[in-house]
Amino acid sequence: MADDIKPEKPLLSEGKNVSETEAKKGISCDWTVSGMDCGSCATKVKDAVARLPGVTGVEVGIMSERLRLTLDEGETGRDKVERTVRALGYGIEPRVATAVQDEAVDQSASCTGHSQAGGKAKDHSGHGSPGHVHDDPADRGKRWYQTAKGRLVIFTALLLMIAWGVELIVPEVGNWAFVAACLIGVTPIARRAFVALRVGQPFTIESLMTVAAIGALFINAAEEAALVVFLFAVGEVLEGVAAGKARDGIRALANLVPKTALLEMDGVTREVPAASLAIGQIVLVRPGDRIPADGEITEGTSGVDDSPVTGESVPVNKGPGDPVFAGSINTEAALRITVTKAAEDNTISRIIRLVEEAEEARAPTERFIDRFSRWYMPAIVTVAALVVLVPPLAFGQPWDTWVYRGLALLLIGCPCALVISVPASIASALSTGARRGLLLKGGAVIEATAKVSRVAFDKTGTLTHGRPVVTDVVTLGKTTEAELLSVAAGVEGGSSHPLAVAILRKAEEEGIVIPPARDAKALMGKGVTATVGGASAWVASPGYARENAGIDESDLAQTTTFEEEGKTAVVVFREKTPLGIIAVRDEPRSDAPEAVRQLRAIGITPIILTGDNPRTAAAIAQNLGMEYQADMMPEDKLKAIRDMSEHGGVMMIGDGINDAPALKQASVGVAMGSGTDVALETADAAILRDRVTDIPATIRLTRAAMANIRQNVTIALGLKAVFLVTSVLGLTGLWIAIMADTGATVLVTLNALRLLRFNPEQEA
């Protein structure tokens with residue numbers, strides 16, 4: 001609901017103090033628009049809707065088939081938006097709230113805060129309109145000949161065959177049969193062209209087709225005109241099939257979550273829609289079933305296959321307290337799971353939203369091509385007009401010849417293939433990444449990732465497991481080990497830092513009672529302080545202890561030994577009296593060395609940026625064969641990223657919170673974590689599997705996507721260039737021109753689809 005609508009005023013029920021117009025301002029509306037097979041389709045819908053009064057913030061996604069806008073219903077109703085889109089030949093229906101709630105959400109509630117007037121069902125399919133050519137949601141899953149596009153192909157083919165038959169039997173009226181076939185077949189196309197013209201879009205493929213077909217009739221090329229109309233219809237089918245294949249990867253994500261769940265209430269188990277599950281409810285998941293919601297295991301232990309969500313093929317053994325994701329498969333034993341997230345917020349839903357919304361973060365290449373196409377079409381029309389006029393007027397050439405060539409030039413000049421070349425590749429790459437737990441937030445991120453030359457890693461939780469364990473406990477003076485651990489655990493009691501968790505776990509294992517603490521405060525990059533047992537206590541770095549605790553250098557020498565062994569040492573002291581030293585170690589992930597090797601193989605320089613001490617960092621870096629910078633405060637990491645950025649693109653890998661400044665400063669910020677909110681929402685990209693090798697895999701995927709885009713642009717422009725020349729020279733005619741245009745669109749889409757089969761984990 002808009003900011004200017006105050007919640008305390010019940011607009012829908014009372015409406016006494018607020019006018020109807022005021023109540024309806026700023027409504028966010030969301031539709032599914034079907035039949036958008038190329039970039040020009042999306043542009044056509046966007047421009048037409050944006051011209052309506054009271055419509056702002058129009059966003060159109062080709063691959064997500066999404067139309068989103070802000071609507072002032074006092075000026076334009078939702079029904080007018082829908083009529084405008086249908087008049088252009090596209091299907092439109094209100095979009096459900098999430099991709100997994102098809103059965104649970106009233107589709108009429110697609111505009112925030114309002115329902116369809118009168119609650120009446122509307123026909124959103126587009127059926128019944130004579131000009132309807134594009135597909136609609138009802139056509140999905142049907143064979144091509146069962147769809148609206150397919151029926152148009154069959155209809156125009158029959159007209160063409162009848163005309164050929166008439167010409168064979170009665171040659172003297174054969175030409176008129178082709179004229180009739182052309183006029184009947186081009187009528188729905190001309191109707192859409194007229195609608196587009198009315199909304200300020202004169203240079204659409206429909207208008208070019210109409211001009212070319214009618215123009216061909218005037219120069220006595222009726223047979224070829226009828227053939228061109230048929231080939232155009234065939235091209236529409238092929239484009240629709242290709243675009244549908246590109247969307248299948250995204251649509252398949254929604255099918256990962258089961259439609260039903262076994263809900264347990266009051267000792268009774270019953271089947272309910274999965275989308276209706278509420279936080280706190282308990283569901284039973286049998287062996288072999290998919291988990292219906294994000295949750296936490298309450299009872300049972302079983303292997304859980306997370307591959308539908310993270311791409312990790314090996315089932316993970318999980319038990320009480322472990323988190324699970326909607327769409328994962330329970331492989332062994334029955335589990336009882338407490339729902340922790342509603343259907344619209346589960347991991348699958350969020351992944352789908354991210355993939356769909358990623359279209360809005362368009363790559364610089366895509367934005368350039370979009371700008372290019374806006375002046376390209378008027379330029380082509382101008383050139384075609386010159387081809388028609390100049391030779392006859394200036395050189396006395398025959399009008400028929402040059403009108404024909406100008407019409408062919410119009411058809412070949414359509415930019416559909418060029419405009420779809422980038423978004424089709426981007427959508428395929430996003431889908432491929434999502435299936436493998438590699439989330440990239442849009443084309444801009446893909447392009448930036450493909451250009452990185454350095455990868456900066458945070459150490460703890462990224463290159464290492466993030467689960468350090470206490471390896472050594474050294475007491476000083478008369479302090480006992482139990483006293484040392486008790487004070488340290490008290491200070492760290494409220495912290496979730498990996499070092500704190502290790503100390504707390506050690507204290508628990510030793511059966512030590514943790515004393516209450518207050519006034520806990522983090523010393524940025526230095527340690528933690530708190531009041532324990534009425535006295536100030538610290539768990540701090542050796543450097544801080546040297547400056548503030550009066551610890552002997554001989555005692556600090558032990559910390560140096562620990563650090564040289566790759567351990568992190570902290571000093572515990574109270575009232576400036578050293579109590580002892582605790583050493584912890586966080587082992588590198590098993591795949592970290594392989595990830596570093598793969599990065600170097602593709603020309604990427606890896607480096608560690610850590611706040612840990614230089615000796616510990618050196619030990620980790622030496623084992624992995626990496627450069628490192630240690631003792632870094634957040635501002636130091638920020639400066640390091642800024643300095644590296646001067647020499648090329650930089651990717652920063654961190655946890656999404658502690659490294660937030662560096663993640664933001666980097667060309668691409670990547671968060672690691674198994675589907676956490678931070679991983680999905682904070683950075684430019686996210687790795688859902690805790691695998692370092694997914695970093696080079698992500699880079700390989702983005703480089704493949706950018707190579708695919710360059711191929712598509714080359715195909716689109718190359719074919720245009722060749723056939724523009726041959727059309728002007730008279731070597732190719734109208735039917736070749738329309739085949740070249742359609743063929744180019746289909747070729748670039750099919751080339752983009754190759755990315756759906758790309759395996760980023762496989763080295764070239």
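The values are calculated or read from the model by the stated rules, or taken from the named source; none is laboratory data. Note that the structure is predicted; figures quoted are calculated from it, not measured. Glycine also receives a Cβ, built like all others from the backbone with ideal geometry; neighbour counts cover every protein chain displayed.
Among the residues of the stretch 190-229, the ones that are without any contact (Cβ under 8 Å) to a residue 12 or more places away in the chain and either among the acidic types (Asp, Glu) or not in a helix (DSSP H, G or I) (or both) come to 1 in all. Candidates are the residues of the stretch 431-448 that are assigned to a helix (DSSP H, G or I) and in contact with a Leu (Cβ under 6 Å, 6 or more places away or on another chain); the one that is modelled with the highest pLDDT is Ile446.
Among the criteria (1) touching a residue at least 60 places away in the same chain (Cβ under 8 Å); (2) under 30 Å from Ser349 (Cβ atoms); (3) surrounded by fewer than 19 Cβ atoms within 10 Å (Cβ to Cβ), the one Leu717 does not fulfil is (2). Filtering the stretch 449-462 for residues that are part of a helix (DSSP H, G or I), at pLDDT below 80, surrounded by fewer than 24 Cβ atoms within 10 Å (Cβ to Cβ) and not β-branched (Val, Ile, Thr) leaves a non-empty set. Identify, from the list Thr693, Thr698, Thr742, Thr702, the residue that is of a type in the set (S, T, N, Q) and farther than 21 Å from Ala424 by Cβ. Of Thr693, Thr698, Thr742, Thr702, the one residue that is of a type in the set (S, T, N, Q) and farther than 21 Å from Ala424 by Cβ is Thr693.
Within the stretch 550-563, which residues are at pLDDT below 85 and either surrounded by fewer than 13 Cβ atoms within 10 Å (Cβ to Cβ) or among the hydroxyl-bearing types (Ser, Thr, Tyr) (or both)? Within the stretch 550-563, Gly550, Asp552, Glu553, Ser554 qualify. Step by step: first the residues of the stretch 139-178, then only those that are surrounded by 13 or more Cβ atoms within 10 Å (Cβ to Cβ) and of a type in the set (D, E, K, R), then the one that is farthest from Ala221 (Cα to Cα). Which residue is that? My answer is Asp139. For Val473, the conditions (1) free of Cβ contacts under 8 Å to residues at least 60 places away in the same chain; (2) not hydroxyl-bearing (Ser, Thr, Tyr); (3) not in a helix (DSSP H, G or I) are fulfilled apart from (1). I'd like to know if the stretch 249-266 contains one or more residues that are at pLDDT 80 or above and on the phi > 0 side of the Ramachandran plot. So far as the stretch 249-266 goes, yes, one or more of its residues are at pLDDT 80 or above and on the phi > 0 side of the Ramachandran plot.
Among the residues of the stretch 189-223, the one identified as touching a Gly at 6+ places or on another chain (Cβ under 7 Å) and surrounded by 22 or more Cβ atoms within 10 Å (Cβ to Cβ) is Arg192. In contact with a Ser or Thr (Cβ under 7 Å, 6 or more places away or on another chain) and crowded, with 20+ Cβ neighbours inside 10 Å: does that describe Gly611? No, not satisfied. Picking from residues in the stretch 318-333 that are of a type in the set (A, V, I, L, M, F, W, C) and part of a strand (DSSP E or B), the one that is surrounded by the most Cβ atoms within 10 Å (Cβ to Cβ) is Val324. Just give me the residues in the stretch 450-503 being touching a Gly at 6+ places or on another chain (Cβ under 7 Å) and hydroxyl-bearing (Ser, Thr, Tyr), in sequence order. Within the stretch 450-503, Ser453, Thr460, Thr462, Thr475, Thr479 meet the criteria.
Based on this model, can you work out whether Gln629 counts as under 22 Å from Gly649 (Cα atoms), of a type in the set (S, T, N, Q) and not assigned by TED's automatic domain parsing to the domain that holds Ala540? When the stated conditions are applied, Gln629 passes them.
Matching residues to (1) of a type in the set (Lys, Arg); (2) within 24 Å of Glu563 (Cα to Cα); (3) modelled with pLDDT of 90 or more:
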| position | (1), (2), (3) |
| --- | --- |
| Ala601 | no, no, yes |
| Pro606 | no, yes, yes |
| Arg615 | yes, yes, no |
| Leu638 | no, no, no |
| Met644 | no, no, yes |
| Met651 | no, no, yes |
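Of all residues in the stretch 47-65, those that are under 17 Å from Asp79 (Cα atoms) have Cβ atoms under 7 Å from Cβ atoms of residues that are assigned to a loop (DSSP other than H, G, I, E, B) and of a type in the set (A, V, I, L, M, F, W, C), 6 or more apart or on another chain, in Ala48/Leu88; Ala48/Val199; Arg51/Val199. Hey, any hits in the stretch 418-428 for a residue that's in a helix (DSSP H, G or I) and under 28 Å from Glu223 (Cβ atoms)? Taking every residue of the stretch 418-428 in turn, none turns out to be in a helix (DSSP H, G or I) and under 28 Å from Glu223 (Cβ atoms).
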